[in-house]
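Participant: Pasting a structure below so you can have a look.
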Amino acid sequence: MRIAIIGGGIAGLAAAYELEQARQTDAQVEYTLFEASNRLGGCLASEIAGGAVLERGPDSFITEKTAAAELCRELGLGSELIPSNDADRKTCIVVRNRLVPLPDGLMFLVPTKLIPTLMTPLFSLRTKLRMGLELLLPPPPTELPDESVAALIERHFGRETVDRLADPLLSGIYGGDATKLSALTVLPRMVEMERQYGSLTRGMLAAHRQMRSRARKAAAGNGSIPIFTALRGGMQQLVDAVSERLDSACVRLSTPVSALGMTSGGWRVGIGDTAKFYDAVILATPAWAAGALLGQVDPELGEELSGIPYSSSITINLVYDEAKLGHLPDGFGFLVPASEGRAMLAATFVHRKFPGRAAPGKAVLRAFLGGMRNEALLDETDDALVALVRRELSEILGEDVLSSAIEPEHAQVSRWRRVMAQYAVGHQALRQRIESRVAALPGLRLAGNAYDGIGVPDCIRLGRQTARELVAGQKSCELTSRHAFVCQDVH
Ligand SMILES: Cc1cc2nc3c(=O)[nH]c(=O)nc-3n(C[C@H](O)[C@H](O)[C@H](O)COP(=O)(O)OP(=O)(O)OC[C@H]3O[C@@H](n4cnc5c(N)ncnc54)[C@H](O)[C@@H]3O)c2cc1C
């Protein structure tokens, strides 16, 4: 069975890794990985510069989703996994140029502790009263249709909670807009809590009790589980380790696939003027690229895929001599609500979040810009972007902490165009429509961040799963064809 993987980001790499394993035990499995750019990894890219590990894209993965750490262990990177420094975990929100810490007891977007919520300057008295009354909300009488994250949070805690919490948090994760993102997809647990309890605060308190008992068990066993896990040398370690396991003859860099077509026996993969033939295809590109390629095969599917919105982002790493800075506020960094009217969406104090990432005496500040509301920034020059971030950092942190006159020892700018899929309201229904159309195209699989999770572990899980399904499909095809049945999935 010959399989083409199109797209060499982490989803395509995970699929290739799985097929490489299958190939070693089953000579019938062959694969080719086509990647448009001159490197593998897609959004995963890090380098060591200025005495620090600088991440251009993701810096870690959520520990609770195990697929990424599992892959790292399989690749022999288990000893390279490092936990986030949760003891110092604290995040601030910028409110009228001041840094206000998130109140203690805030579980994602839901306040669960009375005194810190009452005392925080983050919310007005009116919002605090509304938060108290939220405890009384009964479960909705009927199942509610999907709605935006902003609508769900506003119904429970009021508009200010959307502006000061939901929007900046989601901009930080998805580069997205809370008024567009699907509550059912992005906050499925909260939607379930609302169904069960009515009040999200009561639902969160119940979840908190369960988590505490799980954490006690974990502490009695393996110790506490960090919220995030990273690789000591950066995410590039994962890319390099997977790449080393692949047969280099199966990897085509700088080879954008320009056309896809179905033949009587499988798939035609067009690269410029040439074409190659495969039994199956894993499309691990962004959905807009998959949509363009599938437009000739199934125009409706092409349109559905092309319609998935994407946001772009910019990350800027600045390395400073720590001795030249004042005392940075405690914690991992801060988020900037859109209402502040700034270019920056968030900033991380990298040397605090993952100690050891920077040489002693170095401070690394990583700023995020762009998102759905500020795509135009991508066209600015590196110098202009660095100058903008330095100015905004000084204004937010204060000239006494980070004077705009202090030059960073190293600056790194990374632009990510249309890389973050946005799960808009109705995403689950869209996904089902896409799945049923894909099921009608034998040998086709989709992987990547547009479908079932935006994070690195989700992309790895989906990439590996698509490859396993195709190999399993081939095996069942061999079995059924021995019994003269028609094989559905693979020709
Ligand atoms: C700045 C940033 C920070 C992030 N932070 C985190 C984080 O901390 N934790 C986390 O879990 N996730 C994070 N994410 C999200 C996560 O990194 C991505 O969702 C994930 O890496 C996407 O992987 P992918 O393989 O689906 O897509 P991509 O990485 O976009 O890879 C797709 C590949 O397809 C190739 N391609 C496109 N068209 C073609 C074609 N026609 N032919 C051949 N190849 C093609 C592209 O060149 C690209 O290499 C972050 C993302 C960004 C951008």
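Participant: Can you work out which of the residues in the stretch 126-154 that are among the charged types (D, E, K, R) and more than 27 Å from the chain's Cα centre (by Cα) is farthest from residue 206 (Cα to Cα)? Full working, then the answer.
Facilitator: Of the stretch 126-154, the ones among the charged types (D, E, K, R) are 126, 128, 130, 134, 143, 146-147, 154.
Still in the running and more than 27 Å from the chain's Cα centre (by Cα): 126, 128, 130, 134, 143.
Numbers: 126: 25, 128: 21, 130: 20, 134: 15, 143: 21 Å.
Filtering first and then ranking leaves 126.
Participant: So, one more: Does residue 437 satisfy the condition of being closer than 14 Å to residue 308 by Cα, away from the ligand (no atom under 16 Å from the Cβ) and charged (D, E, K, R)?
Facilitator: Numbers: closer than 14 Å to residue 308 by Cα: no; away from the ligand (no atom under 16 Å from the Cβ): yes; charged (D, E, K, R): yes.
Judged against the criteria, residue 437 is not a match.
Participant: A further question follows. Any residue in the stretch 99-114 that is under 24 Å from residue 209 (Cα atoms) and among the polar types (S, T, N, Q)?
Facilitator: For the stretch 99-114, residues under 24 Å from residue 209 (Cα atoms) and among the polar types (S, T, N, Q): present.
Participant: Let me ask you something else. Give the stretch 369-381 a look and list any residue that's within 16 Å of the ligand (Cβ to nearest atom), under 18 Å from residue 56 (Cα atoms) and surrounded by fewer than 22 Cβ atoms within 10 Å (Cβ to Cβ), or say none.
Facilitator: 375, 377, 378
Participant: Just wondering, is there one or more residues in the stretch 86-95 that are within 12 Å of the ligand (Cβ to nearest atom), in a loop (DSSP other than H, G, I, E, B) and touching a residue at least 24 places away in the same chain (Cβ under 8 Å)?
Facilitator: The answer is no, given that none of the residues of the stretch 86-95 is within 12 Å of the ligand (Cβ to nearest atom), in a loop (DSSP other than H, G, I, E, B) and touching a residue at least 24 places away in the same chain (Cβ under 8 Å).
Participant: What number goes with the only condition from (1) more than 21 Å from residue 204 (Cβ to Cβ); (2) in a strand (DSSP E or B) that residue 121 does not pass?
Facilitator: In the conditions (1) more than 21 Å from residue 204 (Cβ to Cβ); (2) in a strand (DSSP E or B), residue 121 misses (2) alone.
Participant: Only one of (1) within 13 Å of the ligand (Cβ to nearest atom); (2) crowded, with 20+ Cβ neighbours inside 10 Å fails for residue 414. Which number is that?
Facilitator: It is condition (2) that residue 414 fails.
Participant: For the stretch 51-71, give me each residue that is of a type outside the set (Val, Ile, Thr), over 13 Å from the mean Cα position of the chain (by Cα) and within 13 Å of the ligand (Cβ to nearest atom).
Facilitator: Selection gives 54, 55, 56, 64, 67, 69, 71.
Participant: When you check residue 145 against the structure, is it part of a loop (DSSP other than H, G, I, E, B) and surrounded by fewer than 17 Cβ atoms within 10 Å (Cβ to Cβ), yes or no?
Facilitator: Working: part of a loop (DSSP other than H, G, I, E, B): yes; surrounded by fewer than 17 Cβ atoms within 10 Å (Cβ to Cβ): yes.
Considered against the rule, which asks whether it is part of a loop (DSSP other than H, G, I, E, B) and surrounded by fewer than 17 Cβ atoms within 10 Å (Cβ to Cβ), residue 145 comes out as yes.
Participant: Condition first: more than 18 Å from residue 6 (Cα to Cα), surrounded by 19 or more Cβ atoms within 10 Å (Cβ to Cβ) and more than 16 Å from the ligand (Cβ to nearest atom). Now tell me which residues in the stretch 24-50 satisfy that.
Facilitator: Within the stretch 24-50, just 50 meets the criteria.
Quick grid of which residues meet (1) in contact with an Asp or Glu (Cβ under 7 Å, 6 or more places away or on another chain); (2) in a loop (DSSP other than H, G, I, E, B); (3) away from the ligand (no atom under 16 Å from the Cβ):
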residue	(1), (2), (3)
305	no, no, no
312	yes, no, no
323	no, no, yes
331	yes, yes, yes
334	no, no, yes
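Participant: Report yes if some residue within the stretch 150-161 is small (Gly, Ala, Ser) and under 24 Å from residue 351 (Cβ atoms); otherwise report no.
Facilitator: No: the stretch 150-161 contains no residue that is small (Gly, Ala, Ser) and under 24 Å from residue 351 (Cβ atoms).
Participant: What's the number of the only condition in (1) buried (at least 18 other Cβ atoms within 10 Å of the Cβ); (2) among the basic types (Lys, Arg); (3) under 18 Å from the mean Cα position of the chain (by Cα) that residue 390 fails to meet?
Facilitator: Unmet for residue 390, out of (1) buried (at least 18 other Cβ atoms within 10 Å of the Cβ); (2) among the basic types (Lys, Arg); (3) under 18 Å from the mean Cα position of the chain (by Cα): (3).
Participant: Can you confirm whether residue 135 is surrounded by 14 or more Cβ atoms within 10 Å (Cβ to Cβ) and touching a helix residue (DSSP H, G or I) at 6+ places or on another chain (Cβ under 8 Å)? If you could, list the steps in order and put the result at the bottom.
Facilitator: On the way: surrounded by 14 or more Cβ atoms within 10 Å (Cβ to Cβ): no; touching a helix residue (DSSP H, G or I) at 6+ places or on another chain (Cβ under 8 Å): yes.
Against the criterion (surrounded by 14 or more Cβ atoms within 10 Å (Cβ to Cβ) and touching a helix residue (DSSP H, G or I) at 6+ places or on another chain (Cβ under 8 Å)), residue 135 does not qualify.
Participant: If you don't mind, another one. Residue 79: under 25 Å from the mean Cα position of the chain (by Cα), under 30 Å from residue 249 (Cα atoms) and either among the charged types (D, E, K, R) or within 16 Å of the ligand (Cβ to nearest atom) (or both), yes or no?
Facilitator: Criteria not met by residue 79.
Participant: Hey, another quick one. So which residues in the stretch 310-344 are small (Gly, Ala, Ser) and either surrounded by fewer than 22 Cβ atoms within 10 Å (Cβ to Cβ) or within 17 Å of residue 366 (Cα to Cα) (or both), if there are any at all?
Facilitator: Quick first cut of the stretch 310-344, residues small (Gly, Ala, Ser) only: 311-313, 323, 326, 331, 333, 338-339, 341, 343.
Within the stretch 310-344, 312, 313, 323, 326, 331, 333, 338, 339, 341, 343 qualify.
Participant: The conditions are (1) loosely packed, with under 15 Cβ neighbours inside 10 Å; (2) under 13 Å from residue 446 (Cα atoms), and residue 307 fails exactly one of them. Which is it?
Facilitator: (2)
Participant: Follow-up question, since we're still on this one. Of the conditions (1) outside any helix (DSSP H, G or I); (2) farther than 16 Å from residue 312 by Cβ, residue 394 fails just one. Which one is it?
Facilitator: Every condition holds for residue 394 apart from (1).
All of the numbers you see were taken from the coordinates with simple rules; none came from a lab. Remember, predicted model here, so these are calculated numbers, not experimental data. Don't worry about glycine lacking a Cβ; one is built from the backbone with ideal geometry, like all the others, and counts go over all protein chains shown.
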